[in-house]
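Written out below as structure tokens is the structure these notes cover.
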Amino acid sequence: MSTQVTDQPSTAASTSPRIGKWWAALIGVVALAAALGAGQLVAGFVGTTASPFLAVANFVIDHSPQSIVKWAEKTLETWDKPVLKLGLGVLLVVFAMVAGLVSRRKPRPGQLVVGLLGVAGIAAVYLRQDLGPIALLAPVATLLVGIGAFTWLHSVALRTPSVAAGAEDGTTRRRFLVTTGGVAAGAGVAALAGQFIGSANDAESSRAMVGKLTPATAAPPIPADADFAKLGTPPFLTPNKDFYRIDTALVIPQVRTEDWSLRIHGMVDREVTFDYNEIRNRPLVEQTVTMTCVSNEVGGPYISTANFVGVWLRDLLNEAGVRQGSQQLFATSSDGWTCGSPVEAALDPKRGAMLAIGMNGEPLPLEHGFPARIVVPGLYGYVSGTKWVAELELTTWAARRGYWLDRGWGEQGPIKTMSRIDSPQGFQSLPAGRITVSGIAWAQPTGIDKVEVRLDDGPWRAAELSTVVNDSTWRMWHLQADAPKGSHTVVVRATDKLGYTQTEQRAGTVPDGATGWHTVVFDTQ
Ligand SMILES: Nc1nc2c(c(=O)[nH]1)N[C@H]1C(S)=C(S)[C@@H](COP(=O)(O)O)O[C@H]1N2
Ligand SMILES: [Mo]
């Protein structure tokens with residue numbers, strides 16, 4: 001379907017037809033659209049994460065220096081991912097225009113640029129650990145359609161007199177525009193179809209098929225006085241839609257229950273693999289756990305609580321038979337993220353590490369790790385909470401290093417004893433007089449013993465604490481104080497059940513969690 005460069009009638013460069021600048025750039029951009037549309041369409045069949053565009057974007061995230069990733073997360077908050085996609089899109093359009101502009105006479109240089117972009121897409125998909133070889137069909141389609149569309153549009157352009165100076169063949173400009181527009185429209189339809197097909201066999205419908213997960217051993221009901229939501233604390237259980245989310249996944253991994261399995265291997269007596277139904281058909285347990293992120297600044301939002309439903313991780317590990325000398329439980333997710341927890345913590349019955357498949361009465365939401373994740377009470381998520389978990393390897397600390405360890409974070413991540421003021425909010429204005437201060441405190445898996453509050457230069461006063469749910473959950477507190485008209489500063493500090501009072505010393509989140517007392521400035525009038 002394409003015209004070879006050797007088919008061109010003239011040999012001398014000066015007399016061969018030359019495509020106008022803007023037309024040349026347009027050809028590049030339309031070929032890009034065709035390439036991406038084709039990739040998206042094929043990805044609809046072989047898995048949405050096979051989309052070469054998204055694979056390249058993921059590759060960029062995984063290989064960016066930690067400082068840039070952190071900067072982006074801070075500055076752009078949850079916009080970091082859309083901004084990255086937009087940036088990558090703009091960059092691709094620029095490359096596509098360059099491909100057109102360097103090929104105003106012969107298609108070869110542009111084909112080379114398109115080819116290089118295509119190869120980058122193939123490499124990015126190839127490097128993903130969760131995708132089998134069949135996924136490569138998507139970026140290969142992108143490469144072939146990209147080069148094909150470029151070559152074809154180029155040859156039509158060369159034959160169109162008002163598009164290329166010196167063209168003789170006499171194709172009309174209208175015909176050229178129809179061809180180009182047709183390719184662009186086809187690309188759009190292909191991309192939409194890919195999206196549609198992808199979602200039809202994706203994980204969300206698989207999740208809908210799971211049905212109700214009824215625990216054989218339900219968590220005790222949450223007592224009414226476990227939170228002081230009316231006084232400004234969060235509700236005790238965080239609704240799934242409000243549960244904080246932290247991960248490196250640009251596209252939420254789409255794992256269907258029928259495609260999921262968990263392999264336990266390494267320093268074990270016998271390697272075992274569980275599929276979804278084997279887990280689901282066991283007697284399920286339910287446990288209320290407060291999860292915390294190591295990136296939570298003092299006073300920050302990355303803490304939430306849920307009723308997790310699943311099985312005890314130690315039961316699965318014991319079936320494999322953990323060998324003497326294994327120190328690290330090294331988990332890998334379906335998208336290749338990794339983390340290591342102490343084997344001791346995973347096996348400790350008092351701690352209650354879980355393989356969770358449900359959250360607050362529903363199957364795990366996709367963004368929280370459907371079909372299954374690890375939950376280890378008392379450890380920050382980056383060393384315990386593997387979502388979309390695929391593999392558990394028993395190993396040593398020397399042999400394997402989790403994702404965040406080479407990016408400046410500590411090997412061990414026990415949760416630090418901390419507290420936060422939820423009300424009043426910073427710089428809030430309240431009527432002068434009696435005010436209520438309230439918030440949360442946490443020290444999983446030890447539990448909170450005492451919370452003290454200091455207003456301005458007053459003494460530390462013990463706050464009233466909520467009823468304990470279990471020591472692996474947060475505890476809410478409140479206190480009334482007199483605040484005459486003016487500006488005020490309120491400070492909080494917690495003491496855990498081992499008698500440790502959180503330090504005033506401020507530390508940043510790197511390498512193993514922030515410290516310091518949360519302080520809020522407000523005024524009354
Ligand atoms: N696969 C995968 N699992 C992951 C992560 C990730 O990036 N990828 N992030 C971890 C971190 S840092 C935290 S704090 C918790 C957050 O879990 P949540 O998003 O369900 O709150 O997930 C952990 N599990
Ligand atoms: Mo985290």
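The values are calculated or read from the model by the stated rules, or taken from the named source; none is laboratory data. Predicted model only: the values in this text are computed from it and were never measured. Every residue, glycine as well, gets a Cβ built from its backbone with ideal geometry; the counts of neighbours run over all protein chains shown. Accessible surface areas use protein heavy atoms only, side chains included; no ligands, DNA or RNA. Shrake-Rupley method; radii C 1.70, N 1.55, O 1.52, S 1.80 Å.
What the table below lists for this structure:
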| quantity | calculated |
| --- | --- |
| Subset of segment 430-486 [farther than 30 Å from residue 353 by Cβ, of a type in the set (A, V, I, L, M, F, W, C) and crowded, with 19+ Cβ neighbours inside 10 Å] | 435, 437, 453, 463, 479, 483 |
| Residue in segment 250-274 that is surrounded by the most Cβ atoms within 10 Å (Cβ to Cβ), counting only those that are acidic (Asp, Glu) and modelled with pLDDT under 95 | 259 |
| Among the candidates 150, 228, 243, 236, residue that is within 16 Å of ligand 2 (Cβ to nearest atom) and among the hydrophobic types (A, V, I, L, M, F, W, C) | 243 |
| Of residues in segment 304-317 being buried (at least 22 other Cβ atoms within 10 Å of the Cβ) and within 16 Å of ligand 2 (Cβ to nearest atom), the one nearest to residue 514 (Cα to Cα) | 305 |
| Those residues of segment 318-333 which are surrounded by fewer than 24 Cβ atoms within 10 Å (Cβ to Cβ) and either farther than 22 Å from residue 267 by Cβ or in contact with a helix residue (DSSP H, G or I) (Cβ under 9 Å, 6 or more places away or on another chain) (or both), in sequence order | 318, 322, 326, 327 |
| Residue count, segment 373-407 (criterion: in a strand (DSSP E or B) and within 11 Å of ligand 1 (Cβ to nearest atom)) | 6 |
| Residue check, residue 354 at pLDDT 95 or above and touching a His at 6+ places or on another chain (Cβ under 8 Å) | no |
| Subset of segment 206-228 that is without any contact (Cβ under 8 Å) to a residue 12 or more places away in the chain and part of a helix (DSSP H, G or I) - its residue that is nearest to residue 438 (Cα to Cα) | 224 |
| Test: residue in segment 487-499 that is buried (at least 18 other Cβ atoms within 10 Å of the Cβ), modelled with pLDDT of 95 or more and under 19 Å from residue 302 (Cβ atoms) | yes |
| Those residues of segment 147-197 which are under 17 Å from residue 27 (Cβ atoms) and of a type in the set (Asp, Glu), in sequence order | 169 |
| Helices (runs of 4 or more DSSP H) contained in segment 1-94 and holding at least 2 residues under 23 Å from residue 154 (Cα atoms) and at pLDDT 90 or above | 21-46 |
| Residue in segment 459-481 that is basic (Lys, Arg) and under 34 Å from the mean Cα position of the chain (by Cα) present | yes |
| All positions within segment 372-403 that are away from ligand 2 (no atom under 16 Å from the Cβ) and of a type outside the set (D, E, K, R) | 372, 390, 392, 394, 395, 396, 397, 398, 399 |
| Flag for residue 344 being touching a residue at least 24 places away in the same chain (Cβ under 8 Å), away from ligand 2 (no atom under 16 Å from the Cβ) and among the acidic types (Asp, Glu) | no |
| Set 367, 362: member being more than 24 Å from residue 272 (Cβ to Cβ), in contact (Cβ under 8 Å) with a residue 12 or more places away in the chain and in contact with a Lys or Arg (Cβ under 6 Å, 6 or more places away or on another chain) | 367 |
| Tally of residues being open to solvent by less than 10 Å² (accessible area, probe 1.4 Å) and assigned to a strand (DSSP E or B) across segment 341-372 | 7 |
| Every pair of residues 6+ apart whose Cβ atoms lie under 8 Å, when the first sits in segment 293-307 and is assigned by TED's automatic domain parsing to the domain that holds residue 339 while the second is part of a strand (DSSP E or B) and within 12 Å of ligand 2 (Cβ to nearest atom) | 293/303; 296/303; 302/292; 303/291; 303/292; 304/291; 305/291; 306/291 |
| When residues of segment 406-423 are limited to those that are over 23 Å from residue 497 (Cα atoms) and more than 13 Å from ligand 2 (Cβ to nearest atom), the one most open to solvent (accessible area, probe 1.4 Å) | 406 |
| All positions within segment 459-485 that are under 14 Å from residue 421 (Cβ atoms) and in contact with a helix residue (DSSP H, G or I) (Cβ under 6 Å, 6 or more places away or on another chain) | 478 |
